[in-house]
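Please read the structure below before turning to the comments.
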Amino acid sequence: MNALLSDRGADTQTAAIVKIAVMAVGGQGGGVLTSWIESLARTQGYVCQATSVAGVAQRTGSTIYYIEMTPETGAQPVFALAPSGGDVDVLIASEMMEVGRAILRGFVTPDRTTLIGSTHRALAVSEKTMPGNGMADAAEVRAAAEVAAQNLILADMDRLASDQGSVISSSLFGALAGSGALPFARAAYEEAIRASGKGVEASLKAFAAGYDAAQRGAEPMASKQSEAAQVIIGPAAQMRAWSALEARAAQVPETVQPMALAGLAKTVDFQDCAYGALYLDRLDQIIARDSAANDWRLSQTAAKYIANAMCYDDIIRVADLKTRAPRMQRIRSEMGTRDENVMQLTEYFHPRAEEVAGMLPAKMGARMQRNPRSMARLERWFGKGRRLRTDTLPAFAMLHVLGGLKSYRLKTYRHALEVAHLEEWLSQALAPLESDYALSVELLKNRRVIKGYSDTHTRGLGKFDRLMGAAQLLQGREDAAEWMHRLREAALQDPEGKALDGALETVKSFA
Amino acid sequence: MAERSFKAEVEHLRKGDGETFTGEGILAITKALLENGVGYVGGYQGAPISHLMDVLADAEDLMGELGVRFEANASEAAAAAMLAASVHYPIRGAVTFKGPVGVNVASDAIANLSSSGVTGGALIIVGEDYGEGSSIMQERSHGFAMKSQFWLLDPRPNLPSITKAVKDGFELSEASNTPVMLMVRIRACHVTGSFETRDNQRPPLTVRDALANPQSDFKRVVLPPWSYVHEQDKINNRWPDAERFIVENKLNEHFGPRDAPLGIVLQGGMYNGVIRALQRLGLADIHGNSDIPLYVLNVTYPIVQSEFDTFCDGKDHVMVVEEGQPDHIEQQLGSFLYKAGRSVKLHGKDVLPMAGEYTGAVMLDGVTAFLKQAAPDMLPAHVRAPNMDAPAIPDLSKTVPIRPPGFCTGCPERPIFAAMKLTQEELGKHQITGDIGCHLFGSLPPFEIGGATMGYGLGPAANAAFDGGGEKRAISMLGDGGFWHNGLSSSIGNMVFNKSDSVAVIVDNYYSAATGGQDVMSSRAENGSKATGNPISKALEGVGVKWVRQIDNTYDVGKMREVLHEALTTDYDGPKVIIASSECMLNKQRREKPLRAKAIKEGRRVDVPRFGVDADVCTGDHACMRLSGCPSLSLKTLDDPLRDDPVAHIDQSCVGCGNCGEVADTAVLCPSFYQADVVHNPSPFETWRAGLRARLICWLQTRRDAKRLRLSGSAT
């Protein structure tokens, strides 16, 4: 039988076939890239076959295009219609998690695969909806790619393209050329783009950018290009007071300093130097009860969350931020507004009775809050959606005035509420300090779950209270801090706090 | 206008004898239809044959020249019924739709057609939506051929084979007076390649000619006693005729050595997969020359026993490669062997999975498993004794998030579901059914609205059990596509007749959007050959719906929520129908972007809106995400040591649909969102006024900044 069936040797038969898979997100133009590769192959004397999956799979979902090619010999080769694990020569993934998906599906193997991936992220819905940070870890994917790929090319192909006013298909095509994975000259690729005849110039620029990126190989993790760190500026007279505060902040333990300075700047920006001094006072009280033995973890944490607690989001803060000069400039540039253009700016506000009551003098606001009828009246008067054209004078002036009410802020009902809340939080957090340092740290961190406005903010407060309340349940356990951490993570998983309730049940079951 | 235009490609359909056509499978099929003198074509869009409908529509002029009638049928049932023209007249007809769902809808007409039998060739081209990329329940169309006794072609997935199958299909149909179904799988529809073309043929008898001298024969009508005669005719005449034609014309193919102790029987559609597996095992070369005998069933129903028997002669092991379940073919072959008392060992679903697509990896494992039993010594060394030195690749299954399809950027359906979510937050969870169409994405996170889909146009029908009403009214979704396909009668008519106390929301995005933006009756677009612009509201009136609310801007989330609230709380206890209309953003952008660019070039005033988020106002609670899921509304991590969580961020792809602002307002989320309208070519007065405003604003800002400390810049 062996005489009849000569063993031709495995995996040698398709060696002459180049297999290229493109993993894209629907709407990214994977079809264009595929057609370019096809026409490239055919003009270079190759027989080529491409397949794709049309239909709803293309509506923002992940989808695969697949291409096989081999030199024209006259006889028709038999190509596969879909990529197969362990048998892909070039894998092009147009997004970082699609890179991960390709590896996950076994399309990237160390013995043959050139992996060309874009490091940018198009977040999946599941990553965005979590109240905490649900973003998938790109570093893990990168690590896997380094193991799985024979030849790795990673770069932000999306940015490379958009910088040239083109789309990712062009830069990826360039990267394919630059990778040298196909035996074709650069000119042949560029000809394929010209032949398609759409947005040729921009495409060629993006192509070149992708080409160069490929020549560089795998770019290091894009270390978040940090714009010049923000610093406090202002009139000379006040700057002296600021320098004094800075000097004071320089006295705190070294490991606490960065956070303390950031917090100080935030509080001063929020209110004024006196407020910044108050922040440092509060911090000093914590530091006094902390020690190098615990390398000042308590103080660091406090430095962060006290600042956040002191800079609550009231109408004054929002109005102030919305009317600052740098904001207008930022938006103009972000929107690519040219000098000859006019830009109109519409803000979406929807204050509720609570916010308005919060703006009243403390006593009066408290009275209002207690009386449902007056709250209803406030709601009737103010509680409707407002679209403010902050590029026009009336709206701008209104916000400008509101944003200028800082001197009055400390008398407001909202401020009274926030101070009370902050002090209770601190005392609760520090209560177990002597017996359980780590738990105190975790209790301070619980402040993280308070965010958002209106209902979202209220829900956050509810979660916060439940977390702080759990301290009683955990008191005395040596893994109390660990559990407080778990509870907080649970609280950040869903808006309603279902996960938190579940975790709390578990904790209750300990008793 | 459909999402994709084939106007340019369609020109290739004019190619004649000896020329070479290079392109997509669907275009090749169209070309083959014209080459084979088809007299009328039609169908209903749906992946993977949506583009075939688009090609036919774009080729309407060419077909007109040839006297070929093109019909964009109202449904698959309508398409199949159209084949009735081939019952009495010697005219070739072809219709196309997706399988198996389209075949489900068409099955009534197909069954009647199969009973009557045909004179002219009748071809049903089915795009089998099975496996990766499929959007429907995983079933096979094969069973329909078995129950109605029509023939099923499953050609090898390359252009020459597919186009030959069109020719064979017509001839087989005429030789056996039976309709023929030509099945093409998802990737085969879009596979590219080349084939040699022939001249297009004008149909010998056009449908116009036929009208000039009508024919009928009561013996062909499905009525007793003739229906009994039809059944006997199927078994005693049509089937034998078909088998004879299949054998004589060698529709099924043999590859590899004639005699060997083993062989593989496969569906034509599986050919490339099987060959690739053999290639990887070193048992076939690049051109498909196989060391193992292959019996390729380009006709998967009926199975010709004589051919199969000959193939089995001298073989100890035969493997069947048949994708999907049930294993109709394997069962048939098994009974052949058993009844003939043969000892050949039959393999198939024992070495291959019963369910699921036969991907490259699955096929390789299956063939390997078969050879391990049938001929282990044929397997290459590394398979017999694999050496495990491959490095361990980290497992990413916990890292990589799933990415199901969803609403596009700026989709007009998003605000509808945002409003429904808000309504449910206010009035509690409701019983909601979905339908077929983009709007079914509303059943996925972040909205999770709709717990069932029973078929195209059946959303409200799927809630019929709850028509009697109760403490909370049932809600059902229905798209404009589904409404005209089947919904008007099966869903709305059903509601009216049964005095339904429930609510139906009709999502009207001006197109059959999910299938690629084909026009439907209520489309606003001018369509040269089709009657568009028939409002859904009029149809509702016509069937007696009294409570109708028309919303012409779905992005008005507040309005949307009000109307939903009204529908759910009104005293009126009859059917309540809300029509939510806004154009599919994908099609709108395609149409308007070029126009806008042109206008800007020509110096006309153009206002381009886009949304943004103030990073320093956003607290990173992501409440807005849970009411959106828009691809352009994403997250950004700030390099601020005081921030734990990423904040909302809107990227360049934003089309300024307005959903973000509306939701922030209606749901009272936060003041972080802003809308920036960049006005191109503003009027001189506008520019002057803007300058004045800017100067005054700048003065106020400078004045304040002179008196206070502040952080330089603003968070970005």
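The values are calculated or read from the model by the stated rules, or taken from the named source; none is laboratory data. What you are looking at is a predicted structure, and each value in this text was computed from that prediction instead of being measured. Here Cβ is always computed from backbone atoms with ideal geometry, including for glycine, and neighbour counts include all displayed protein chains.
Filtering the stretch B:127-140 to residues that are buried (at least 24 other Cβ atoms within 10 Å of the Cβ) and over 22 Å from B:Asp435 (Cβ atoms) leaves only B:Glu128.
Annotation for the stretch A:362-380: no member residue is touching a residue at least 24 places away in the same chain (Cβ under 8 Å), under 21 Å from B:Cys670 (Cα atoms), surrounded by fewer than 20 Cβ atoms within 10 Å (Cβ to Cβ) and among the basic types (Lys, Arg). B:Arg403 falls short on exactly one of the conditions (1) of a type in the set (D, E, K, R); (2) assigned to a loop (DSSP other than H, G, I, E, B); (3) free of Cβ contacts under 8 Å to residues at least 40 places away in the same chain; (4) over 25 Å from A:Ala139 (Cα atoms), and that condition is (4). The set of residues in the stretch A:85-118 that are at the interface with chain B (Cβ under 7 Å from one of its Cβ atoms) and either touching a residue at least 40 places away in the same chain (Cβ under 8 Å) or aliphatic (A, V, I, L, M) (or both) comprises A:Asp87, A:Met97, A:Gly100, A:Arg101, A:Ile103, A:Leu104, A:Pro110. Just one of the numbered conditions (1) out of contact with any helix residue (DSSP H, G or I) (no Cβ under 7 Å at 6 or more places or on another chain); (2) outside any loop (DSSP other than H, G, I, E, B); (3) not acidic (Asp, Glu) is not true of B:Ala525: (2). Quick one: how many residues across the stretch B:551-577 are more than 14 Å from chain A (Cβ to nearest Cβ) and more than 14 Å from B:Pro412 (Cβ to Cβ)? Of the residues in that region, 15 qualify. Residues satisfying the criterion are present in the stretch A:349-364 (criterion: within 18 Å of B:Asp677 (Cα to Cα) and facing another protein chain (nearest Cβ under 8 Å)). Within the stretch B:488-499, residues that are without any contact (Cβ under 8 Å) to a residue 12 or more places away in the chain and aliphatic (A, V, I, L, M) have Cβ atoms under 7 Å from residues that are in a helix (DSSP H, G or I) and surrounded by 13 or more Cβ atoms within 10 Å (Cβ to Cβ) in no pair, counting only partners at least 6 apart in sequence or on another chain.
Would the stretch A:399-408 turn up any residue that is modelled with pLDDT of 95 or more, over 23 Å from B:Thr619 (Cα atoms), among the hydroxyl-bearing types (Ser, Thr, Tyr) and in contact with a helix residue (DSSP H, G or I) (Cβ under 6 Å, 6 or more places away or on another chain)? Looking for residues that are modelled with pLDDT of 95 or more, over 23 Å from B:Thr619 (Cα atoms), among the hydroxyl-bearing types (Ser, Thr, Tyr) and in contact with a helix residue (DSSP H, G or I) (Cβ under 6 Å, 6 or more places away or on another chain), one finds none in the stretch A:399-408, hence no. Only one of the listed residues (A:Asp320, A:Asp281, A:Asp313, A:Asp339) is within 12 Å of another protein chain (Cβ to nearest Cβ), in a helix (DSSP H, G or I) and either at negative phi or acidic (Asp, Glu) (or both). That residue is A:Asp320. Going through (1) surrounded by 14 or more Cβ atoms within 10 Å (Cβ to Cβ); (2) free of Cβ contacts under 8 Å to residues at least 12 places away in the same chain; (3) hydroxyl-bearing (Ser, Thr, Tyr) one by one, B:Thr666 falls short only on (2).
Where helices (runs of 4 or more DSSP H) sit wholly within the stretch B:1-85, those with at least 3 residues that are small (Gly, Ala, Ser) and crowded, with 20+ Cβ neighbours inside 10 Å occupy B:25-35, B:76-82. What residue, among those in the stretch B:250-267 that are farther than 18 Å from B:Lys315 by Cα and in contact with a helix residue (DSSP H, G or I) (Cβ under 7 Å, 6 or more places away or on another chain), is surrounded by the fewest Cβ atoms within 10 Å (Cβ to Cβ)? Checking each candidate, the answer is B:Asn252. Inspect all residues belonging to the stretch B:353-362 and state whether any of them is touching a strand residue (DSSP E or B) at 6+ places or on another chain (Cβ under 7 Å), within 8 Å of chain A (Cβ to nearest Cβ) and under 25 Å from B:Leu281 (Cβ atoms). There is no residue in the stretch B:353-362 that is touching a strand residue (DSSP E or B) at 6+ places or on another chain (Cβ under 7 Å), within 8 Å of chain A (Cβ to nearest Cβ) and under 25 Å from B:Leu281 (Cβ atoms).
Of the residues that make up the stretch B:532-554, is at least one under 31 Å from the mean Cα position of the chain (by Cα), in contact (Cβ under 8 Å) with a residue 60 or more places away in the chain and farther than 30 Å from B:Thr687 by Cβ? Yes, some residue in the stretch B:532-554 is under 31 Å from the mean Cα position of the chain (by Cα), in contact (Cβ under 8 Å) with a residue 60 or more places away in the chain and farther than 30 Å from B:Thr687 by Cβ. With respect to (1) of a type in the set (A, V, I, L, M); (2) within 9 Å of chain B (Cβ to nearest Cβ); (3) in contact with a Pro (Cβ under 9 Å, 6 or more places away or on another chain), the lone exception for A:Ile287 is condition (2). Scanning the stretch B:614-670 for residues that are assigned to a helix (DSSP H, G or I), more than 7 Å from chain A (Cβ to nearest Cβ) and of a type outside the set (Val, Ile, Thr) yields B:Leu627, B:Asn659, B:Cys660, B:Glu662. Restricting B:Ser529, B:Ser537, B:Ser512, B:Ser522 to those that are at pLDDT below 95 and in contact with a strand residue (DSSP E or B) (Cβ under 7 Å, 6 or more places away or on another chain) reduces the list to B:Ser512.
Yes or no, residue by residue, for (1) of a type in the set (Phe, Trp, Tyr); (2) in a helix (DSSP H, G or I); (3) in contact (Cβ under 8 Å) with a residue 12 or more places away in the chain:
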position: B:Leu113; (1), (2), (3): no, yes, yes
position: B:Val126; (1), (2), (3): no, no, yes
position: B:Gln138; (1), (2), (3): no, no, yes
position: B:Phe144; (1), (2), (3): yes, yes, yes
position: B:Pro160; (1), (2), (3): no, yes, yes
position: B:Val166; (1), (2), (3): no, yes, yes
position: B:Phe170; (1), (2), (3): yes, yes, yes
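The numbered conditions (1) within 24 Å of B:Glu583 (Cα to Cα); (2) more than 8 Å from every other protein chain (Cβ to nearest Cβ) are all true for B:Trp699 except (1).
Could you tell me whether any residue of the stretch B:431-449 is assigned to a loop (DSSP other than H, G, I, E, B), surrounded by fewer than 24 Cβ atoms within 10 Å (Cβ to Cβ) and over 24 Å from the mean Cα position of the chain (by Cα)? Yes: one or more hits.
Scanning the stretch A:231-256 for residues that are within 11 Å of chain B (Cβ to nearest Cβ), surrounded by fewer than 17 Cβ atoms within 10 Å (Cβ to Cβ), free of Cβ contacts under 8 Å to residues at least 24 places away in the same chain and touching a helix residue (DSSP H, G or I) at 6+ places or on another chain (Cβ under 9 Å) returns A:Ile233, A:Pro235. Exactly one residue out of B:Tyr301, B:Tyr271, B:Tyr295 is within 14 Å of chain A (Cβ to nearest Cβ) and touching a residue at least 40 places away in the same chain (Cβ under 8 Å), and it is B:Tyr271.
Has the stretch B:247-268 got any residue that is within 13 Å of another protein chain (Cβ to nearest Cβ) and assigned to a helix (DSSP H, G or I)? Scanning the stretch B:247-268, I find at least one residue that is within 13 Å of another protein chain (Cβ to nearest Cβ) and assigned to a helix (DSSP H, G or I), so the answer is yes.
Has the stretch B:305-315 got any residue that is part of a loop (DSSP other than H, G, I, E, B) and either buried (at least 20 other Cβ atoms within 10 Å of the Cβ) or among the small types (Gly, Ala, Ser) (or both)? Yes - at least one qualifying residue is present in the stretch B:305-315.
Scanning the stretch B:679-696 for residues that are in contact with a helix residue (DSSP H, G or I) (Cβ under 9 Å, 6 or more places away or on another chain) and at the interface with chain A (Cβ under 7 Å from one of its Cβ atoms) yields B:Val679, B:His680, B:Pro682, B:Arg693, B:Leu696.
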